[in-house]
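Presented below is the structure to which this report refers.
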Amino acid sequence: MSEGIIKAAEDFWNIRGDFKIGGILNIGTQCSLVRLHNDRFVLLDAYALSGEIKAAVDEATDNGALLDAIINLHPFHTVHVEAAHAMYPQAKLFGTRRHVEKFPNLPWQSMLVESAEFAAAYAEDFSFTVPGGVDFISSNENLHFSSVLAYHKASRTIHVDDTLMYLPLPGLIGKLRSPKLSFHPTLFLTLEARSGAAAEFRAWAQQLATSWAEAENLCAAHSATIVQSNDLSRQILDALGRVEKFLRKHEKKFG
């Protein structure tokens, strides 16, 4: 995985970034530059831009003057938060409760991105959703399943961190088998140990496939980008089907 910009759709640019575990294994990360209906821009998630990528974002946003906000969607994606704010200090800074708690000295907006109030503020351009039945901010900081998923209506593009993954297979296997959209494997550790949690997650995933049925593009952190697909809704339901056995087992145990 290497740095670069993918034009997922008109008015939506997905920036693929580097993120190395132990300084060696590059699992990648992402942010996205999105043009709003008023010709201003937002960044979905934070990344320390540099080189040609930084130059391209600066050119599009008039050196940041047209950048309305930096919207941090994943509670545990925090490495680049301070750097992104330093690059564009005039942009409004939004984050989850964990972002605000981790960086209390940054000038956060009062609305948390997981709130209905925030979703309403950007409703003309986006829909937002938080997975049901799972820990949003897990007490185990190694479990990163949940985030705020964003859907840009005009470009029909979903921006998602960790919750959904799209992993092309390597080598000959990748040529013979199409990659599958799947839920992040930490689902099995973050589904809440209580009655109704499995049903809530199932209902949320089904609603996601229905409400965002017109989606054609999906940008996923640590994996890959799907562009111009006509079956994303079906792929989400297929991913749900592959975890159904686990959900039923959970229901049997907790109700």
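Bear in mind that the values in this text are calculations on the coordinates, not laboratory data. Computed from a predicted structure; not experimentally measured. Because the Cβ atoms are built from the backbone with ideal geometry, glycine has one as well, and the counts that use them run over all protein chains shown.
With neighbours defined as other Cβ atoms within 10 Å of a residue's Cβ, the residues TRP108, TRP13 order from fewest to most as TRP108, TRP13.
Only helical runs count toward this figure. For the chain, summing -39,500 (n - 2.57) over DSSP H runs of n ≥ 4 and dividing by all residues gives -8000 deg cm²/dmol at 222 nm. Electrostatic bookkeeping for LEU181 treats Lys and Arg as +1 and Asp and Glu as -1; over the other residues with beta carbon under 12 Å from its beta carbon, the sum is +1. Of the residues PHE128, PHE254, PHE94, the one with the fewest other Cβ atoms within 10 Å heads the list, and the complete ranking is PHE254, PHE128, PHE94.
Relative to the 2.2 N^0.38 Å rule of thumb, the stretch 4-254 has a C-alpha radius of gyration ratio of 0.99. With all projection directions averaged, the alpha carbon convex hull of the stretch 28-80 covers 3.8 nm². If only the Cβ of Lys and Arg carry +1 and only the Cβ of Asp and Glu carry -1, the dipole of the chain around its Cα centre is close to 1140 debye.
Distance between the C-alpha centres of the stretch 191-255 and the stretch 115-129: 21 Å, rounded to the whole angstrom.
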